[in-house]
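Report on the structure given below.
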């Protein structure tokens with residue numbers, strides 16, 4: 001995962017690639033390659049095996065494959081014949097039978113200018129009150145994370161202190177950075193980018209080259225966890241935890257229905273966006289995030305005994321999800337591939353529920369009920385709101401691919417897996433011990 005090599009060391013150990021020439025061809029003139037540049041090799045054994053693998057094939061085959069890889073990323077802006085071939089491939093792999101509508105293609109292209117698009121979006125469509133409400137909710141969920149760590153009976157005190165400190169140092173990027181509303185800053189960011197409106201293919205190639213050069217220039221800049229340019233793409237409906245920054249981003253795009261609204265009862269918001277907040281926080285302590293410290297440095301901050309107990313708890317969840325079988329494909333889930341997301345789902349939902357209950361218990365007036373659902377308690381509506389969020393319909397091919405290769409469990413198991421492990425679900429819906437949704441053996445990491 002993190003294997004640092006000096007450039008000369010890499011050339012000596014894996015000389016079958018001229019790494020210096022390769023990197024120089026990729027880097028802009030403004031960022032000259034240093035004689036002993038530090039190179040991080042994610043998978044050393046992969047590169048060694050790749051050398052032996054490629055020796056089995058003639059140069060022509062390898063060259064053709066490389067050219068195909070270069071072309072495949074540009075298929076959407078090439079000829080109809082090329083696009084039709086890609087559609088055949090996608091039909092076989094994920095069951096997609098038709099091209100996306102033209103408006104979606106146009107939106108994807110516009111998204112390449114993400115900061116400019118985000119600037120327009122927040123000025124025209126984003127509800128400012130959502131940002132403050134979401135920030136308040138994030139703080140409350142963060143408080144529950146801290147309480148949960150302090151209450152753990154399997155973690156030693158030194159590791160607890162480090163975990164609590166790491167949680168306290170998470171940087172929040174909620175809604176959008178204020179700089180997005182400053183047109184001069186947006187224009188300065190794109191300075192040097194030239195787009196020819198009459199040359200579509202060339203314009204997108206130029207944009208790709210400009211973005212590549214920008215990323216390489218960042219190699220020589222000091223790391224800034226609050227840099228607005230790194231967190232200014234806010235139109236996507238998603239949320240992120242970055243272990244290298246120990247930061248979370250909840251962009252403006254997700255702070256809307258069905259995830260969030262300032263006009264719905266709080267048990268709906270906490271069950272949805274609050275759950276997402278808890279999920280992303282928990283990523284800081286899952287199988288991957290737990291390897292990074294409060295600064296985002298790869299660092300072993302766990303005491304040995306606590307790390308072993310952590311691994312035991314993860315194994316419970318790995319085995320549990322591996323025993324879930326999808327009725328449509330008749331495939332069992334991959335508990336190893338999905339462990340990080342499953343840990344985050346379970347921990348995040350628990351933290352969101354605790355934050356909601358603490359807030360609700362302090363209210364002097366009960367929350368309003370949803371229309372035609374007055375027969376349910378607020379706890380039941382909290383759990384139903386989370387479940388409804390993941391209502392999904394899959395193509396058979398796409399479902400098979402997700403189970404086989406995906407890092408997220410299919411939606412059915414993201415809901416039922418969490419609720420089976422959630423003690424309060426059984427209480428809220430009067431499930432007896434050993435009932436299908438209230439198994440006696442439950443798994444929990446956080």
- [ ] Find the all-direction average of the projected area of the Cα convex hull for the stretch 34-130, expressing the result in square nanometres with one decimal place.
- [x] 12.6 nm²
Open item on the list: Rg and Dmax in Å for the stretch 148-292, alpha carbons only: what are they?
Closed with: 19.3, 65
Task: Label assignment, Rg/Rh (Cα atoms, Kirkwood Rh) derived from the structure, set (i) 1.42; (ii) 0.98; (iii) 1.02 - done: (ii)
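Counting pairs of alpha carbon atoms under 8 Å apart in space and at least six apart in sequence, what relative contact order in percent does the chain give?
Values: 535 pairs, mean separation 67.2, N = 446.
Here the relative contact order equals 15 percent.
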- [ ] Note the full-extension length gain between residue 65 and residue 380 as 0.36 nm times their separation in residues minus their Cα-Cα distance, in nm to one decimal.
- [x] 108.0 nm
Task: Normalised alpha carbon radius of gyration of the stretch 1-58 [divisor 2.2 N^0.38 Å] - done: 1.22
Task: residue 91 versus residue 208: modelled label distance in nm, points set 7 Å from Cα along the beta carbon direction - done: 2.6 nm
Open item on the list: Tell me the mean residue ellipticity at 222 nm calculated for the chain from its helices only (DSSP H runs of n ≥ 4, each -39500 (n - 2.57), averaged over every residue, nearest 500).
Closed with: -16000 deg cm²/dmol
TODO: Have a look at 101, 251, 177 and tell me which one the Gaussian network model of the chain (Cα, springs below 10 Å) gives the largest fluctuation.
DONE: 101
Task: Residue among 139, 42, 246 with the largest mean-square fluctuation in a Gaussian network model of the chain, springs linking Cα atoms under 10 Å - done: 42
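Could you order peptides 302-312, 218-228 by the average number of other Cβ atoms within 10 Å of their residues, highest first?
In descending order of packing, they fall as 302-312, 218-228.
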Open item on the list: Using only the alpha-carbon atoms, how far is helix 378-389 inclined from the longest principal axis of the chain? Give it as 0 to 90 degrees, nearest 10.
Closed with: 20 degrees
Task: Contour minus Cα-Cα distance for residue 103 and residue 437 (0.36 nm per residue) - done: 116.0 nm
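Provide the FRET efficiency to the nearest 0.05 for the residue 22-residue 154 pair, computing r from the beta carbons and using R0 = 60 Å.
Computed FRET efficiency for residue 22 and residue 154: 0.80.
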Task: Between 0 and 90°, nearest 10: helix 339-361 axis offset from the chain longest Cα axis - done: 40 degrees
- [ ] Can you tell me how much longer the chain between residue 322 and residue 52 gets when fully stretched, taken as 0.36 nm per residue apart minus their C-alpha distance, in nm with one decimal?
- [x] 93.8 nm
Open item on the list: What distance in nm lies between label points placed 7 Å from Cα along the C-beta direction at residue 12 and residue 195?
Closed with: 4.8 nm
Task: Protection proxy ranking, peptides 131-137, 91-97, average beta carbon neighbours within 10 Å, highest first - done: 131-137, 91-97
Task: Intensity falloff of the stretch 344-427 expressed as log10 I(q)/I(0), Debye formula with alpha-carbon point scatterers, at q = 0.17, 0.25, 0.26 Å⁻¹ - done: -0.80, -1.29, -1.34
- [ ] Mind pulling the angle between the C-alpha long axis of helix 157-168 and the longest principal axis of the chain? Nearest 10 degrees, somewhere in 0 to 90.
- [x] 70 degrees
Open item on the list: Need one number: nm distance between label points at residue 171 and residue 395, each 7 Å from Cα along Cα→Cβ, rounded to one decimal.
Closed with: 3.9 nm
Task: FRET efficiency, 1/(1 + (r/R0)^6) with R0 35 Å, evaluated for residue 29 and residue 77 via beta carbons - done: 0.85
Open item on the list: Based only on other Cβ atoms within 10 Å, what is the fewest-to-most ordering of 349, 53, 324, 240?
Closed with: 53, 240, 324, 349
TODO: Under a 10 Å cutoff between Cα atoms, tell me which one of 347, 406, 192 has the largest fluctuation in the Gaussian network model of the chain.
DONE: 192
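Every read-out reported here was derived from the displayed coordinates using simple, explicitly stated rules and does not represent laboratory data. Because the structure is a prediction, the values reported are computed rather than measured. Heads up, the Cβs are rebuilt from the backbone with ideal geometry, glycines too, and the neighbour counts pull from every protein chain shown.
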